[in-house]
1. Starting with the fewest neighbours, write out K39, K2 ranked by other beta-carbon atoms found within 10 Å of each beta-carbon.
2. Please compute the net charge surrounding T3, taking Lys and Arg as +1 and Asp and Glu as -1 over other residues with Cβ under 13 Å from its Cβ.
3. Between beta-carbons, use under 12 Å as the cut-off and find the net charge around K39, counting Lys and Arg +1, Asp and Glu -1.
4. On average, how much area does the Cα convex hull of segment 1-70 cover when viewed from any direction, in nm²?
5. Could you run the Debye sum over the Cα atoms of segment 50-93, one equal point scatterer each and no solvent, and tell me log10 of I(q)/I(0) at q = 0.22, 0.29 Å⁻¹, two decimals?
6. Quick one: if the Förster radius is 22 Å, what FRET efficiency do C13 and W81 give, using the C-beta to C-beta distance and rounding to 0.05?
7. Could you check the spin-label model distance between S33 and A102? Points 7 Å from the Cα along Cα→Cβ, value in nm.
8. Which of R67, R92 comes first, and how do the rest follow, when ranked by fewest Cβ neighbours within 10 Å?
Amino acid sequence: MKTFELRTATGRCIARHVHLACSFQSRCLGLLSRSDLPKEEGLLLIPGGSIHTLGMRFPVDVVFLNRQMRILGLAQQVRPWRIRFAPRGTRRVLELAAGQIAAHRLKEGIYLIVDAGAPSTPRGPCERQPIQLSLRAPTQQHCGGPVRDKCMTSRSMLLQ
């Protein structure tokens with residue numbers, strides 16, 4: 001699984017190896033299969049919202065982020081078998097080793113930046129690409145063969 005770095009806008013490294021969980025299965029499983037989370041690792045859940053630590057074996061710090069990776073809320077030292085509700089506007093959730101929020105002095109309003117070869121915001125299977133539509137009518141129609149007569153008829157009807 002590909003990992004990336006997360007930094008603050010001032011360049012301070014938050015986690016060197018952040019894993020991306022963007023499928024339903026990977027978000028549900030999350031950190032449940034692990035016995036601990038090293039300080040330099042993290043898990044970014046996209047899309048994210050409220051979280052649970054049901055079945056986990058260690059506490060975590062939770063960072064609630066909006067789509068632009070701005071910190072909306074923080075939950076420190078969330079022990080196993082707990083639920084934390086996400087603040088309004090949460091679109092991503094970052095789970096870090098317990099104590100990392102305090103160690104990196106994270107506060108609401110700070111922006112996090114994806115670094116180390118990853119796009120500025122994670123894309124691909126985790127986020128849908130925007131649909132691009134054109135509302136312009138074609139200026140020329142290219143018709144050929146037996147379809148040409150139908151095309152010319154419909155075009156002359158449009159021009160009337």
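Throughout, read-outs are computed from the coordinates displayed, never taken from laboratory work. What you see is a predicted model, and the numbers here were worked out from it, not measured in a lab. Cβ: placed from backbone, ideal geometry, glycine included. Neighbour counts: every protein chain shown.
1. Lowest to highest Cβ neighbour count: K2, K39.
2. Here the charged neighbours net out to -2.
3. Computed value for this residue: -3.
4. In nm², the orientation-averaged hull projection of segment 1-70 is 5.0.
5. -0.67, -0.97
6. 0.10
7. 3.2 nm
8. Fewest-to-most ranking of R67, R92: R67, R92.
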